[in-house]
Amino acid sequence: MEVSCSKCNGSAAVYLPYGDENLCKKHFAESLEKRVRRTVREFRMIEKGDSIGVAVSGGKDSVSMLYLLKDICDSMRVPLVALSVDEGIKGYREGTLKIAAENCRKLGVEHKILSFKKETGITVDEIAKKDERMRTCSYCGVFRRWILNKAAREMGLSKLAVGHNLDDAAQTVLMNFLRNEPFRLARFGPSGGVIGHELFVDRIKPLIRIPEREVAVYSIIKKMNIRFGRCPYAHEAFRNEVRVFLNDTEEKFPGTKFRVFNSFMSVRDALGGKFNTDETPMRCKECGELSSKEVCMRCHMLKELR
Ligand SMILES: [Zn+2]
Ligand SMILES: [Zn+2]
C-alpha cells in the first residue's frame, strides 16, 4: 500500500522518524524551509541592514543553504554574496568550484573565489606533503576560517553563513564533551565567534537544526547541481567514530541528534559565558588579524610548515 503524506493526499517521499511523519516532496520542502526560517529568526541571524556572505564549497549543505538564504535575503531585501575557497586540492576542488559557480549564476548571486596560495602562500596539496602527523584538516580549517573572515570583513559583510547541519553540530558537541574541552564548547553555537569585535565577522549556521539526511533529500528534491563526495584528505578519525555512534543511536532512538543539540543549548545558556571571559582578543602581531594570543593560529601554523 502506498503511504500518503501526513498533510495532503499526495504520496509520501520522506519519512521523518523523530516526528513519526510522512511527507510528500512539496510538504517536506515547505517544512524544511519553515524550520530554517524559524532558526534564522530565533537567533536573529539575519536582520534588516545586514549584508550576508555565504560560504559555498559546492557540496549539498552549502548549496542548499545558498538556495534557502537567497529566498530569505530577497524577502528581507538583504544583500547576499557567495564566497568559495580554493584550497588547492588537485582533482577535487576544481569540480566543486565549478559547481559553486554554476549555482551562483543560476541564482544570480555574486560569487567570489579566494585562494589559499594567494592568501597564505601554500596550498593544501603542499601542506599534505609536509604534514606527517595527519593534521592536514586542522591546518586547512584554520586557514580557511582566517581567509573567509578577512575577505568578508574587507567586503563589508556583516555576517558569514556556514553550512553546518544538525549532524555536524551534534558531533562537535559530543566530541568536545569526550575531550573535556569546555572552552571550545562555550564558543560553539548557532551563531558564534567573537561577537561584536570589529575584526570579526559574525558566523551564522542557518542549517544547525536540519539533519544531514534531510539536507541531502532537499537538495535532490530541488534538483540542485551538487557534487557528492569527500575531500581526499578527510580523515578525522575521532569525528568519524562519533558520527557512526550518533547515526546508530539515532536509528534506535529517533531524535537523539536533536536532544544532543538541545541539551548543549540548555547547558550553554546556564554557563552564561563562564568559559568565555578570560580571553581578551587582540591583533596578531604578524598578520594584524584577530587572535587570542600574540601570534594567531594561522601565522603559528605557517611558521610550523616552513
Ligand atoms: Zn503533502
Ligand atoms: Zn596572524
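The values are calculated or read from the model by the stated rules, or taken from the named source; none is laboratory data. If you're wondering where the values come from, they're calculated on a predicted model, not measured in any experiment. Cβ placement follows ideal geometry from the backbone for every residue including glycine, while neighbour counts extend to all protein chains displayed.
Filter region 205-239 down to residues that are out of contact with any helix residue (DSSP H, G or I) (no Cβ under 8 Å at 6 or more places or on another chain) and buried (at least 18 other Cβ atoms within 10 Å of the Cβ), then give me how many there are.
Result for region 205-239: 0.
Looking only at residues that are surrounded by 19 or more Cβ atoms within 10 Å (Cβ to Cβ) and touching a Lys or Arg at 6+ places or on another chain (Cβ under 7 Å) in region 89-102, which one is modelled with the lowest pLDDT?
It comes out as T96.
Hey, could you check region 181-204 for residues that are out of contact with any strand residue (DSSP E or B) (no Cβ under 7 Å at 6 or more places or on another chain) and of a type in the set (F, W, Y) and say which is surrounded by the fewest Cβ atoms within 10 Å (Cβ to Cβ)?
F183
Report every pair of residues separated by at least 6 positions or lying on different chains whose Cβ atoms are under 8 Å apart, first residue within region 283-296 and more than 18 Å from A151 (Cβ to Cβ) and among the basic types (K, R), second more than 7 Å from ligand 2 (Cβ to nearest atom) and in a loop (DSSP other than H, G, I, E, B).
K285/E294
Give me the residue from region 13-41 that is of a type in the set (G, A, S) and at pLDDT below 95 and, out of that set, nearest to ligand 1 (Cβ to nearest atom). Let's see the steps before the verdict.
Applying the first criterion (of a type in the set (G, A, S)) to region 13-41 yields 13, 19, 29, 31.
Adding the requirement that they be at pLDDT below 95 leaves 13, 19.
Values: A13: 9, G19: 14 Å.
Residue satisfying both the conditions and the ranking: A13.
Please enumerate the residues belonging to region 56-106 that are of a type in the set (K, R) and part of a helix (DSSP H, G or I). So that I can check it myself, show each step before the final result.
Just the residues of region 56-106 that are of a type in the set (K, R), to begin with: 60, 70, 77, 90, 93, 98, 105-106.
Across region 56-106, the qualifying residues are K60, K70, R93, K98, R105, K106.
Which one is farthest from the chain's Cα centre (by Cα) among residues in region 288-306 that are under 11 Å from L199 (Cβ atoms) and within 8 Å of ligand 2 (Cβ to nearest atom)?
Residues of region 288-306 under 11 Å from L199 (Cβ atoms): 288-291, 296.
Filter again for within 8 Å of ligand 2 (Cβ to nearest atom), leaving 288-289, 291, 296.
Details: G288: 25, E289: 21, S291: 21, C296: 22 Å.
Only one residue tops the list, namely G288.
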